[in-house]
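Only one structure is covered here, and it is reproduced in the block below.
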Amino acid sequence: MDQRQGKASIRFTEPVFIRSSASIVGTKEGKGPFGALFDRVGEDDMFGQKTWEEAESVLQREAVGLALEKAKVGPQDVSFFFAGDLLGQSIATSFGLSSYEVPLFGLYGACSTCGEALALGAMAIAGGYAERTVCVTSSHFASAEKEFRFPLEYGNQRPLSATWTVTGSGAFVLERYPSAWTRALINGVTVGKIVDYGLKDSMNMGACMAPAAASTIERHFLDFCRGPQDYDRIVTGDLGMVGQTVLIDLLQKKGYDISGAHMDCGIEIFDAQEQDTHAGGSGCGCSAVTLSAFLLKQLSTKAWRRVLFVPTGALLSKTSFNEGKSVPGIAHALVLEAC
């Protein structure tokens with residue numbers, strides 16, 4: 001049966017069920033507003049490893065293990081992994097998940113990877129290609145700084161528009177049928193396109209990503225014949241305070257006022273008054289751990305009935321930045337509903 005909806009969306013004939021999830025974070029995240037909600041908080045950000053990259057691999061491995069444990073299933077019960085991170089060749093994923101010996105789709109959507117993984121994992125189930133999938137993403141402040149900016153030893157200053165990469169990993173077990181453990185439903189997705197406004201400031205990724213988020217949200221409203229009033233919350237990934245302002249302004253020009261419903265994971269995950277993160281949080285792990293620890297709780301308790309979850313990503317690399325290229329953005333949207 002054709003499940004396509006509009007120009008860029010899919011409305012599932014039968015919902016896909018989020019059976020369980022897990023979130024593991026670093027010390028700074030554990031001191032933030034959601035600290036008590038995360039499943040595990042590391043005692044130190046090395047997680048017992050010798051390198052930052054190895055630490056991030058541990059984050060993914062343990063997040064997947066905990067999500068499977070909570071779902072009461074094993075790796076042998078999973079059809080596919082959909083996973084990714086911010087590092088070159090996705091090494092946090094490849095080294096972190098190899099011991100599970102589950103068929104893997106390695107993904108890269110920058111900080112939108114959580115949305116990409118959940119969308120593809122749900123589509124595989126809805127299309128009849130899998131009974132159960134696991135979607136996982138991660139990021140680490142220190143490994144991301146080394147990959148995209150400066151080694152920590154350099155001690156460079158950061159402008160107020162910069163965000164702080166979240167140290168954390170979120171894992172989700174999706175399946176075809178409901179169970180007593182089901183936390184929420186995925187009823188549809190809107191696939192984002194690359195949007196490039198020509199901005200080149202990698203220290204202001206919120207502004208670089210906001211146009212992509214606005215594009216995807218507008219496309220979603222058109223495809224589903226909905227508006228902001230149809231959602232309890234519209235949640236972006238990691239635009240931060242600067243990107244939030246840009247997003248709201250762009251959508252208001254299109255005739256949509258989301259200011260009353262909008263929430264950004266990057267703003268919520270840290271305490272702006274007590275924690276020095278400038279514009280907020282970012283990274284693959286930002287939206288993933290916020291979804292697992294906080295957003296799904298609101299849906300599972302029926303405090304919220306429907307959420308539009310829109311992780312955002314900045315598609316740059318060290319090479320593109322050093323060659324003077326702009327920073328394109330992308331965002332994918334998922335319709336999450338209470339059972």
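Quick rundown of the values:
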item	result
Of residues in region 246-298 being touching a residue at least 24 places away in the same chain (Cβ under 8 Å) and among the hydroxyl-bearing types (Ser, Thr, Tyr), the one farthest from Gly313 (Cα to Cα)	Tyr256
Region 33-75: number of residues that are closer than 22 Å to Gly106 by Cβ and of a type in the set (D, E, K, R)	5
Among (1) closer than 28 Å to Ser202 by Cα; (2) part of a helix (DSSP H, G or I), the one test that Val64 misses	(1)
Flag if Ile194 is in contact (Cβ under 8 Å) with a residue 60 or more places away in the chain, surrounded by fewer than 19 Cβ atoms within 10 Å (Cβ to Cβ), hydrophobic (A, V, I, L, M, F, W, C) and not assigned by TED's automatic domain parsing to the domain that holds Leu37	yes
Residue in region 118-129 that is over 27 Å from Tyr177 (Cα atoms), in the same structural domain as Gly168 (by TED's automatic domain parsing), touching a strand residue (DSSP E or B) at 6+ places or on another chain (Cβ under 6 Å) and free of Cβ contacts under 8 Å to residues at least 40 places away in the same chain present	no
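The values are calculated or read from the model by the stated rules, or taken from the named source; none is laboratory data. On a predicted model such as this, the values are computed, not experimentally measured, just so you know. So basically every Cβ, Gly included, is an ideal-geometry build from the backbone, and we count neighbours across all protein chains shown.
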